[in-house]
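Quick notes on the structure that follows.
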Amino acid sequence: MKKLDKFDMVICGVGGQGVLTVAGIVARAALVEGYNIKAAELHGLAMRFGALETHLRFGNNIHSPLIKSGEADLIISLEPVEAVRASRYSNNDTNYVFDQKEFIPNVVHREKKKYPGVKEVVKTLKEFSPKGKVFDIPASDLARKEFGNVVAANIVLLGKAVGEGLLPLKKQSIFKAMEQVLPSKFLEPNKKIFEVGFKLK
């Protein structure tokens, strides 16, 4: 299988959702497959409920960790509106996988503003990326059902991205990466929840 020259992805959400965990797993999996990898946490806002965005670039010859506007191949978002916020990196062919569960900021409640629904988010993303695929997944609900905790929603989304072929890494490489990144007691449960996303239709 021919190796990619370059693959650019953005993983976004809010602090506490596991954005950095997914980024670590993908980075390790890319290394397992022999790619060069560059990563950057944009803004550094990993505080709980603060917006967080991570750039991951892997391929045969990667120099910069930052993705330029319009150059993302894939955007995985753990929150719907954060997917829209990251759409500045999209182009006509960018693919999206995002969780349907909303994390509505207090200011929206306080100022009684309307927060976009999932259908509105999907419509907006398709306008930004008319040739790309957009998957809105009930990842938090599936994680709660299968894992007992919404914190595993990030792994559901990762499984969906790999299962759909949107993230060009092998499942076996993801599992090897999990062994390096996750505590041993969480390894098997996370492999199972990954399979839920991987097989999701």
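With contacts taken as Cα pairs under 8 Å and at least 6 residues apart, the range 66-160 reaches a relative contact order of 29 percent.
Under the criterion of Cα pairs below 8 Å and six or more residues apart, the relative contact order for the range 6-199 equals 22 percent. A dipole drawn for the chain from +1 and -1 charges on Cβ atoms has a positive end, and of V181, C12, V121 the residue lying farthest that way is V121.
The dipole here belongs to the chain: it is taken about the Cα centre, uses +1 on the Cβ of Lys and Arg and -1 on the Cβ of Asp and Glu, and is about 200 debye. Extension gain, N61 to K123: 0.36 nm times the residue separation minus the Cα-Cα distance gives 18.8 nm.
Cross-link pairs exceeding 28 Å between alpha carbons, from the set K119/K160; K123/K176; K133/K170; K38/K160; K38/K176: K123/K176. For the chain, the convex hull spanned by the alpha carbon atoms encloses 119 Å³ per residue. Taken about its Cα centre, the range 98-201 carries a charge dipole of about 180 debye when Lys and Arg each add +1 at the Cβ and Asp and Glu each add -1 at the Cβ. A helix-only calculation puts the chain at -12500 deg cm²/dmol for mean residue ellipticity at 222 nm, using -39500 (n - 2.57) for each DSSP H run of at least four residues, averaged over all residues.
FYI, it's all coordinate maths here, none of it is from the lab. These numbers were taken from a predicted model, which means no experiment stands behind them. Counting neighbours? That spans all protein chains shown, and the Cβs are built from the backbone with ideal geometry, glycine included.
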